[in-house]
1. Which value in Å is the Kirkwood Rh of region 14-160 over different Cα pairs?
2. Which residues does the label zone of residue 253 cover in region 30-66, counting backbone N under 20 Å from a point 7 Å along Cα→Cβ?
3. Any idea which of 98, 180, 35 is furthest toward the positive side of the dipole for the chain, if Lys and Arg beta-carbons carry +1 and Asp and Glu beta-carbons -1?
4. Please list, ordered by chain and number, the residues whose modelled amide H lies under 5 Å from the amide H of residue 77; skip anything fewer than 5 residues away on the same chain.
5. Provide the per-residue ³J(HN,Hα) series for region 41-55, in order, calculated from phi with Karplus coefficients 6.51, -1.76, 1.60 and θ = phi - 60°, each as a whole number of Hz, with x at glycine and proline positions.
6. Find out how many positive minus negative residues lie around residue 87, taking Lys and Arg as positive, Asp and Glu as negative, among other residues whose Cβ is under 9 Å from that of residue 87.
7. Might you report the magnitude of the Cβ-based charge dipole of region 153-262 about its Cα centre, with Lys and Arg at +1 and Asp and Glu at -1, to the nearest 20 debye?
8. For the Cα atoms of the chain, what angle does the longest principal axis make with the long axis of helix 59-73, in degrees from 0 to 90, nearest 10?
Amino acid sequence: MGLVTMKYEMMKAIKGGYAVPAFNFFSYDNLVGIAKAAAEKKSPVIAMATMSGFKVMGEHGVVKMAEGVAADYGINLVLHMDHCTDIDMIKRCVDNGFTSVMIDSSKKEYNENVEDTCRVVEYAAKYGVTVESELGHVGGKEDDIVVDDMSVLFTDPEYALDFVKTTGIDCLAVAVGTVHGFYKAKPKLDFPRISAINKLLPNTPLVLHGGTGVPYDDFREAIRRGVRKINVGTELKVHGVFDTCVAGFNSPDAKQDPRAVSKMVINKVASICSEIIDVMGSEGKAG
Ligand code: 13P
């Protein structure tokens, strides 16, 4: 019970043929809702801070919050820094107790992406912290990173093999047709590409970003083909937290008591996470 590395959960997921759900959190209630669902479903779970969330919630506060929530719910929790473009910030995450980090230099040239990723792997390895990196560009807007439609670039399997071998990363984020944020049209995942990458890298967990709005059958097919971590953020941020707060603060039931709204957020986030855990096949796989 407590904070565990992502690598630990990924290795179990590869063996078990399921995916570990990875949820972004933007507030304390949001994080508690994630932990509640994981505890009820006995599922492994990855809680992902963002660069802007890290600044708002505080560098030490985020870690203490995650440790406390894991202890309160008696669960193993991976505390992951998502899409970090700032290597100094990543180092501070590692120093402060994060168990997993993502370096995102995917918008840079291939060689620079390799170079940045190697620097992070070298630093994280000293502390046993897991490293994820992205190759190709997942479209849409994530935190302050925007990739317009013209810049979306799918992950090339041969480059992926070279990237993983050269950098020594633990998990590879792939661009295979998903985008961050709400979809303008039905997502179209490139399943053969997932299989091709997985064939070359059978022991490297593949990460699917942009989970909000992806049909559940597409999740299942991606998992069947080697995806072992699926990221969901916007659904929790907008429907789980924001909409629930707006409705909650305007509801007579709240009686001007913010704790009532906190409970509503926790329950709404937990119900969204539970549904996603069912699709991941990770229920009962904790421990
Ligand atoms: P969504 O916000 O589209 O669910 O994507 C989340 C994500 O991929 C975080 O890295």
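1. With all distinct Cα pairs of region 14-160 included, I get 16.1 Å.
2. 30-34, 36-37
3. In the chain, that residue is 35.
4. For residue 77, the qualifying residues are 2, 3, 4.
5. So the J values, rounded to whole Hz, are 8, 6, 10, x, 8, 10, 9, 10, 7, 10, 4, 6, x, 4, 6.
6. -1
7. 140
8. Once rounded, one gets 70 degrees.
Here, each number is a calculation from the coordinates, and none is a lab measurement. In this text, all values refer to a predicted model and were calculated from it rather than measured experimentally. Backbone-built Cβ (ideal geometry, glycine too); neighbour counts: all protein chains shown.
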